[in-house]
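*Asks:* Pasting in a structure now, in structure tokens, and then I'll have a few things to ask.
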Amino acid sequence: MRKKMKKLVGVVLAAALVLGMTGCSMDGGNAKSEDKKTENRGEEKAKKIGLSLWAYDSQYWTEVRDGAQEKCDELGYELVIADPNNVPSQQVSDIENFITMGVDAIIVAAIDPQSVSGVLKEAREAGIKVVAQSIEVNEDECDVYSSADEYQMGEMTGEGAGKWIVEKFGDDAVECAVLNYDSNPSCIPRGNGMEEGITKAAPNAKVVARQDASTISDGQSVTDSLLQANPNLKVIVCQNDAIALGAYSAVQAAGKDTDDFYIGGIDNTDEGRQAIAKGGAYRATLDIIARENGYQDVEICEKLLGGEEMDWRYVIEPKLVTYDDVKDESK
């Protein structure tokens, strides 16, 4: 009987030991599993976005960059910024580097859409999301094209000048000029919009010249020549504020910074706004909300990386800025 009791006690103790070990094993397994999950979450890499714009000597591109950086900071993304300095071959090299880095998305303003065509296709084939900013590329080269409409920007700028012509000169056949960066094919619709916007608002106005320009010095030298060749010129609308500021310098030097002269630009730069606030011939610029563009581009990347389907075209609405909007800034 005593031997039987010893055997029974031994069995019970052994069973208890096994159950105890099993319980520890289960608890320890869960803890390790949870620790592993937590560890994996902690090691999840931040999303990385490559940014390639034209150059950062321009307020517009600087603000696009800053807007993108702001949104990346909010999301905990890493923004890798490349500055091709308006050199197409450098931009291609920068995008190749983005691909090698394994970025998750690329935001690009193509200096020359044809030059980047191949490398953008390569990026997409590698699973990288591509957002084209401001400059249109082919649909198979980007997931989303985000920009104000080039033609609409030009048309709004031209219409602003046309309305001023009608208010100032009525039905007179006022002579006008367009300074546009036609050397870049993607900018041609903007120039077309400026021409057609003028004549839409002022049917009797005459566009007597359309010249190529891309910098302040271009704006000044081209305008010098235009004023000599067209002494009755009263209106100059420009592809951006830099060109318009150059044109304004030439107009001032020619003694034509008067109430009956009109200069309009695009980009809403600080320099452009300050010139308008003086109340002279520089009368308008177009706000294409640069910082918001960059911010929204990163938002688009976030949605694409999250698997959200988006329309290929994302249109940003610009706004005409005139003296009434900035007059207090001169004080």
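The values are calculated or read from the model by the stated rules, or taken from the named source; none is laboratory data. All values reported here derive from a predicted model rather than from experimental measurement. Positions of Cβ are generated from backbone atoms using ideal geometry, with glycine treated the same way; all protein chains shown enter the neighbour counts. Note: areas computed on protein heavy atoms with side chains; ligands, DNA, RNA excluded. Shrake-Rupley method; radii C 1.70, N 1.55, O 1.52, S 1.80 Å.
*Asks:* Per DSSP H run of n ≥ 4, the term is -39500 (n - 2.57); total these for the chain, divide by its residue number, and report the mean residue ellipticity at 222 nm rounded to 500 deg cm²/dmol.
*Replies:* Mean residue ellipticity at 222 nm (helix-derived): -17500 deg cm²/dmol.
*Asks:* How large is the accessible surface of Asp212 in square angstrom, using a 1.4 angstrom probe and rounding to the nearest 10?
*Replies:* Accessible surface of Asp212 is approximately 70 Å².
*Asks:* Right, next: Which three extents, in angstrom, do the Cα atoms of the chain have along their principal axes, listed largest first?
*Replies:* Taking the Cα atoms of the chain, the three principal extents are 129, 44, 30 Å.
*Asks:* With θ taken as phi - 60° and the coefficients 6.51, -1.76 and 1.60, list the Karplus ³J(HN,Hα) couplings across segment 222-233 in order, rounded to whole Hz; mark glycine and proline as x.
*Replies:* Calculated HN-Hα couplings, in order: 5, 5, 3, 5, 5, 5, 6, 7, 9, x, 9, 4 Hz.
*Asks:* In addition: Once the Cα atoms of helix 241-253 and of the chain are each reduced to a long axis, what angle between those two axes, in degrees from 0 to 90 to the nearest 10, is obtained?
*Replies:* So the helix axis and the longest Cα principal axis differ by about 20 degrees.
*Asks:* Additional query: Looking at segment 37-128, how many pairs of lysines come closer than 21 Å at the Cα, when each pair is eight or more places apart or spans two chains?
*Replies:* Here the count comes out as 7.
*Asks:* Once the Cα atoms of helix 113-125 and of the chain are each reduced to a long axis, what angle between those two axes, in degrees from 0 to 90 to the nearest 10, is obtained?
*Replies:* Taking Cα atoms only, the helix is inclined about 10 degrees.
*Asks:* Round to the nearest 10 and give me the degree value, 0 to 90, for the angle of helix 290-305's Cα axis relative to the longest principal axis of the chain.
*Replies:* Taking Cα atoms only, the helix is inclined about 30 degrees.
*Asks:* Please work out how much length the chain gains when fully extended from Thr322 to Asn138, using 0.36 nm per residue of separation minus the C-alpha to C-alpha distance, in nm with one decimal.
*Replies:* 62.8 nm
*Asks:* Roughly speaking, what is the stretch gain from Glu167 to Val87, that is 0.36 nm per residue apart minus the C-alpha to C-alpha distance, in nm to one decimal?
*Replies:* This chain segment gains 24.5 nm when fully extended.
*Asks:* Given Cβ point charges of +1 (Lys, Arg) and -1 (Asp, Glu) and nothing else, what value in debye, to the nearest 20, does the dipole of the chain about its Cα centre take?
*Replies:* About 2500 debye.
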